[in-house]
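Below: one structure, written as structure tokens.
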Amino acid sequence: MNPWPVFILAAGLLAYGNSLWGPFVFDDRLHLVDEPLLHHLRPIGEILSKSFRPVSDLTFAVNYALGGLNVFGYHLVNLAIHLGAACVLFGLVRRTLLTRRLKDRYGNAAASLAGAVGLLWVVHPLNTQAVTYVIQRAESLMGFLYLSTLYCVIRAAAEPRRVFWETGAVFCCALGMGTKTIMMTAPLMVFLYDGLFLAESWKELLRRRGKLYGGLIVSYGVLIWTWFPFHQTNEISVGFQVPGITPISYAFTQMEVILHYLRLSFWPQPLVFDYNWPVVHGTGAVLFPGLVVGSLLGATVFALRRGWAAGFLGAWFFGILAPTSSFSPLADCAFEHRMYLPLIAVLMGVVVAGYEVLKRVFGSWGTTARAVATGMLILGAGGFSAMTIRRNLDYKTEVTLWQDTVGKRPENWRAQHNLGRALEREGRLEEAIAHYRQATQLKADFVQAYNSLGAALARQKKMEEAIEAYREALRLDPNSQDVHNNLGAAYGQMGRLEEAIKEFEEALRLQPDNPSAHYNLGVALGMLGRKKDE
């Protein structure tokens, strides 16, 4: 039995053991804690038909069915998925190095090189957001299914039970399509891998595995199915209609973001939960990042045209990042979890390059070279593990997570607001108000921050200041039913019932099914009636 999977599992457990008790944070609350769709398993068809990510959401529903909102179970599943992905990665890399094109050069060291890649990847702190942040199970689960799809194709090319492995590849790909949109790149990546490492020619590839690729193409139907509930909502966070972002400005911004991702791959400090990365609207600021990224992309194209195996690493990196880091705008320009799979290409390149350098320095892959390589691996994996353990401590509470984010990105108005909300939930109103005010100073049209500021001031019985904050919010957005409702409640507490009733009625005009506004209106009308009777 090869010991490397055991090492990889043990290292992953060590690095993420302190992540299992972290609370639900940020989007966990919206998409898990407060999402009734995931609080039952039956009927399963409701999850499958109404969810944008039905496969990952189904796993969350199973979590809820088994343990309610006990966060330990959610973290445990996240970690199990990550460890499983690391083991699949080990098998995939080992078998790649044993293919006809690479066996003569790397065959004797295939297991060691694959083990090094798997070990570094499983403990790398850049992956913490995809593992420790519960809702990002969609990223890690998609990554597991992506790697499994490719692994099954490799096995299908080498094993007599070809139908079994090809069916497994299509099944994994279809599940991945139902997990996250990035899976759309998997069939293309599999096709490229097959042509470079497995098939004798592109013609032979289609002749022998035409049914496989037909099945992979059919799996896109799952992706199309998941987009129906997404397009039925009014929220636009992806595509060419994201407010304030054009395809060109987004592409320019991604030059900086990709270079930042690469830097974090080598030195993952500082890690930031929410960058709120500003959009670049000119070419000057991205000239150097553009030259670097453009050169790497050009080198990838050149290597692929020559049929070099190394070109696949660049294709893997840029191909998987393409849906989030190209011309199609997303509301958020940068998130670290997007590097979950692309990071593999960087680590693979570093490990193989290190192997080549040590062979040249010592003349062969002998005892001395192995000893030096082992020391470097222990040092690298140990350093990454320590950083990951430390990073997981930032997820200990919502307050610590947002304090860390604000400390690293003080200009991030969204982080300032979220820190305020986390502090308010702990009853630390004065501190919360300070961060709400900071958020409004950083972004003068931040309606939600004014609304939160007003609510916090109202809890302190500072009604005049609360009303002032609510009025500013309504000046910015007269159609915010939440603000109208809150302003009405503030008027009600001051005894200004007629003004309160007008605000509640306006809130109901904007959202007729708002239960809070209905209740508040009823209370205000009752109080006004009693006041007139007196």
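Values quoted throughout were computed directly from the atomic coordinates according to the rules given, and no laboratory measurement underlies them. Remember, predicted model here, so these are calculated numbers, not experimental data. With ideal geometry, Cβ positions are generated from the backbone for all residues, glycine too; neighbour counts draw on all protein chains shown.
Could you give the length gained by full extension between LYS211 and ARG459, i.e. 0.36 nm per residue of separation minus their alpha carbon distance, to one decimal place?
Difference between extended and current length: 82.8 nm.
Please compute the alpha carbon radius of gyration of the stretch 55-168, then divide it by the globular-protein estimate 2.2 N^0.38 Å. Two decimals is fine.
This ratio for the stretch 55-168 stands at 1.24.
Using a/c under 1.5 as the rounded threshold, could you call the stretch 158-230 rounded, prolate or oblate? The axes a ≥ b ≥ c are square roots of the C-alpha gyration tensor eigenvalues, and prolate needs a/b larger than b/c, oblate otherwise.
prolate
Considering the dipole of the stretch 357-513 built from charges on the beta carbon (Lys and Arg +1, Asp and Glu -1) around the Cα centre, which of GLY427, THR388, ALA473 is farthest to its positive end?
Positive-most Cα among the choices belongs to THR388.
With the dipole of the stretch 76-162 worked out from charges on the C-beta (+1 for Lys and Arg, -1 for Asp and Glu) around the Cα centre, which of VAL123, ILE81, SER112 lies farthest toward the positive end?
SER112
Using the beta-carbon distance between ILE224 and LEU192 and R0 = 22 Å, what value does 1/(1 + (r/R0)^6) give for FRET efficiency, to the nearest 0.05?
0.45
Just from its helices, what would the mean residue ellipticity at 222 nm be for the chain, if runs of 4 or more DSSP H residues each count -39500 (n - 2.57) and the sum is divided by every residue, rounded to the nearest 500 deg cm²/dmol?
About -22500 deg cm²/dmol.
Quick one: work out Rg over Rh on the C-alpha atoms of the stretch 355-455, Rh as Kirkwood radius.
In the stretch 355-455, Rg relative to Rh is 1.40.
Between the helical axis of 220-231 and the dominant principal axis of the chain, each derived from Cα atoms, what acute angle in degrees is found, rounded to the nearest 10?
Approximately 10 degrees, to the nearest 10.
If packing is taken as the mean number of other Cβ atoms within 10 Å per residue, what is the order of 431-439, 489-497, highest first?
431-439, 489-497
Please give, to one decimal in nm, the separation of the simple spin-label points placed at TYR519 and SER295, each 7 Å out from Cα toward the Cβ.
Simple spin-label model gives 6.2 nm for this pair.
Taking a cut-off of 29 Å between Cα atoms, list the lysines near LYS462, but don't count ones fewer than 8 places away on the same chain.
Here the lysines satisfying the reach criterion relative to LYS462 are LYS443, LYS502, LYS531, LYS532.
Restricting to Cα pairs below 8 Å that are 6+ residues apart, what does the relative contact order work out to for the chain? Please round to a whole percent. If you can, show how the numbers build up before the last one.
Numbers: 724 pairs, mean separation 74.6, N = 534.
Value for the chain: 14 percent.
May I ask for the Kirkwood hydrodynamic radius of the chain, worked out over all distinct Cα pairs and given in angstroms to one decimal?
Result for the chain stands at 25.7 Å.
Among 515-527, 311-323, 111-123, what's the highest-first ranking by average C-beta atoms within 10 angstrom per residue?
Values: 515-527: 16.2, 311-323: 20.8, 111-123: 25.0.
Descending mean neighbour count gives 111-123, 311-323, 515-527.
How big is the dipole moment of the stretch 1-137 about its Cα centre under a simple scheme where the beta carbon of each Lys and Arg is +1, that of each Asp and Glu is -1, and everything else is neutral? Debye, nearest 20, please.
About 760 debye.
Given 25 °C and 0.890 mPa s, compute D for the stretch 459-532 with the Stokes-Einstein relation, Rh being the Kirkwood radius over Cα pairs; round to the nearest whole µm²/s.
203 µm²/s
log10 I(q)/I(0), Debye, Cα-only the stretch 110-170, no solvent, q = 0.28, 0.30 Å⁻¹?
-1.03, -1.08
Give me a comma-separated list of calculated 3J(HN,Hα) values for the stretch 340-355, in order, Karplus coefficients 6.51, -1.76, 1.60 applied at θ = phi - 60°, integers in Hz, x for any Gly or Pro.
Residue by residue, the stretch 340-355 yields 3, 8, x, 4, 4, 4, 5, 5, 4, x, 5, 5, 5, 4, x, 4 Hz.
Treating only the Cβ atoms of Lys and Arg (+1) and Asp and Glu (-1) as charged, compute the dipole magnitude of the stretch 406-534 about its Cα centre; round to the nearest 20 debye.
Approximately 340 debye in magnitude.
Across the Cα atoms of the stretch 386-534, what radius of gyration and what greatest pairwise Cα-Cα distance (Dmax) are found, in Å?
Final numbers for Rg and Dmax: 18.0, 70 Å.
What angle, in degrees between 0 and 90 and rounded to the nearest 10, separates the Cα long axis of helix 413-425 from the longest principal axis of the Cα atoms of the chain?
Orientation of helix 413-425: about 70 degrees from the principal axis.
Tell me, what HN-Hα J-couplings in whole Hz come from the Karplus equation 6.51 cos²θ - 1.76 cosθ + 1.60 at θ = phi - 60° for each residue of the stretch 165-170, using x for Gly and Pro?
6, 5, 4, x, 5, 5
Calculate how steeply helix 110-123 sits against the longest principal axis of the alpha-carbon atoms of the chain, using the helix alpha-carbon long axis, and give the answer as 0 to 90 degrees to the nearest 10.
10 degrees
Among MET527, PHE288, TYR64, flag the residue with its Cα farthest along the positive direction of the charge dipole of the chain, charges on Cβ as +1 for Lys/Arg and -1 for Asp/Glu.
Positive-end residue among those listed: PHE288.
Which of the peptides 199-207, 286-294, 145-153, 386-394 is most tightly packed, and how do the rest follow, going by the mean number of other Cβ atoms within 10 Å of each residue?
In descending order of packing, they fall as 145-153, 386-394, 286-294, 199-207.
Which of the lysines could be linked to LYS396 by a straight reach, that is with a Cα gap under 22 Å, when you skip same-chain ones fewer than 8 residues away?
Of all the lysines, those that pass the test against LYS396 - Cα under 22 Å, at least 8 places apart if same chain - are LYS408.
Dimensions of the stretch 299-405 along principal axes (Cα, Å, largest first)?
53, 38, 13
With +1 assigned to the C-beta of every Lys and Arg and -1 to the C-beta of every Asp and Glu, and no other charges, what is the dipole magnitude of the chain about the Cα centre in debye, to the nearest 20?
Once rounded to the nearest 20, the dipole reads 2500 debye.
Could you tally the net charge around HIS31, taking each other residue with its Cβ under 10 Å from the Cβ of HIS31, Lys/Arg +1 and Asp/Glu -1?
Neighbour charge sum, excluding HIS31 itself: -3.
Dividing the convex hull volume of the alpha carbon atoms of the stretch 334-378 by its residue count, what do you get in Å³ per residue?
It is 76 Å³ per residue.
Distance in nm between label sites at TRP21 and VAL279, each 7 Å beyond Cα in the beta-carbon direction?
The modelled label-to-label distance comes out at 4.4 nm.
Checking the cross-link filter: which aspartates and glutamates have an alpha carbon closer than 16 Å to that of LYS359, excluding same-chain neighbours under 8 positions apart?
Excluding near neighbours in sequence, the set is ASP104.
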